[in-house]
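Engineer: Sharing a structure, written as structure tokens. Questions coming.
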Amino acid sequence: MLGAAHALANPLTARYGVVHGEAVGLMLPHVIRYNAAAVAPWYQSLLESTAGSNGFPTPEDGAHGLADFVTGLCAKAGLKTRLAELAVEREALAELASEAAQQW
């Protein structure tokens, strides 16, 4: 089964020509925030093991801090960090979500 970030990225690549890696990077912070409700202890463990190194967020920053960190990495790499920057219209979101839900 395909991971959520890839599943969300595939329709962006297919419909908008967004380079797949950029699309995955853009969607990953949203997946981190969404998954936090179910796997917060995993994120906490990751943050505890990386805190203070290479600019990683602290455990107190939690999943939202981790998501913001990933967004920052994408921005530093010169990648877009918002769907609007890729000319994705708000009206297309429901259809894109439906297409993503069909990804395996």
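Engineer: Can you give me the number of residues within region 44-70 that are β-branched (V, I, T), open to solvent by 40 Å² or more (accessible area, probe 1.4 Å) and closer than 20 Å to V24 by Cβ?
Structural biologist: From region 44-70, those β-branched (V, I, T) are 50, 58, 70; that's our starting set.
Going one step further and asking which of them are open to solvent by 40 Å² or more (accessible area, probe 1.4 Å), we end up with 58.
Remaining after also requiring closer than 20 Å to V24 by Cβ: none.
Within region 44-70, residues that are β-branched (V, I, T), open to solvent by 40 Å² or more (accessible area, probe 1.4 Å) and closer than 20 Å to V24 by Cβ number 0.
Engineer: Just need a number here: residues in region 1-29 that are over 21 Å from E89 (Cβ atoms), part of a helix (DSSP H, G or I) and of a type outside the set (G, A, S).
Structural biologist: Summing the residues that are over 21 Å from E89 (Cβ atoms), part of a helix (DSSP H, G or I) and of a type outside the set (G, A, S) in region 1-29 gives 2.
Engineer: Please list, ordered by first then second residue, the pairs with beta carbon atoms under 8 Å, 6 or more apart or interchain, first in region 25-40 and farther than 17 Å from D61 by Cα, second open to solvent by 50 Å² or more (accessible area, probe 1.4 Å) and of a type in the set (D, E, K, R).
Structural biologist: Here the result reads L26/K80; L26/R82, each pair linking region 25-40 to a residue that is open to solvent by 50 Å² or more (accessible area, probe 1.4 Å) and of a type in the set (D, E, K, R).
Engineer: Looking only at region 62-77, decide whether some residue is part of a loop (DSSP other than H, G, I, E, B) and free of Cβ contacts under 8 Å to residues at least 12 places away in the same chain.
Structural biologist: Step one: of region 62-77, the residues part of a loop (DSSP other than H, G, I, E, B) are 77.
Subset that is free of Cβ contacts under 8 Å to residues at least 12 places away in the same chain: none.
Scanning region 62-77 turns up no residue that is part of a loop (DSSP other than H, G, I, E, B) and free of Cβ contacts under 8 Å to residues at least 12 places away in the same chain.
The values are calculated or read from the model by the stated rules, or taken from the named source; none is laboratory data. Predicted model, so just to flag it, every value in this text is computed and none were measured. Using ideal geometry, Cβ is built from the backbone for each residue, glycine included, and neighbour counts are taken over all protein chains shown. All accessible areas refer to the heavy atoms of the entire protein, side chains included, with ligands and DNA or RNA removed. Shrake-Rupley method; radii C 1.70, N 1.55, O 1.52, S 1.80 Å.
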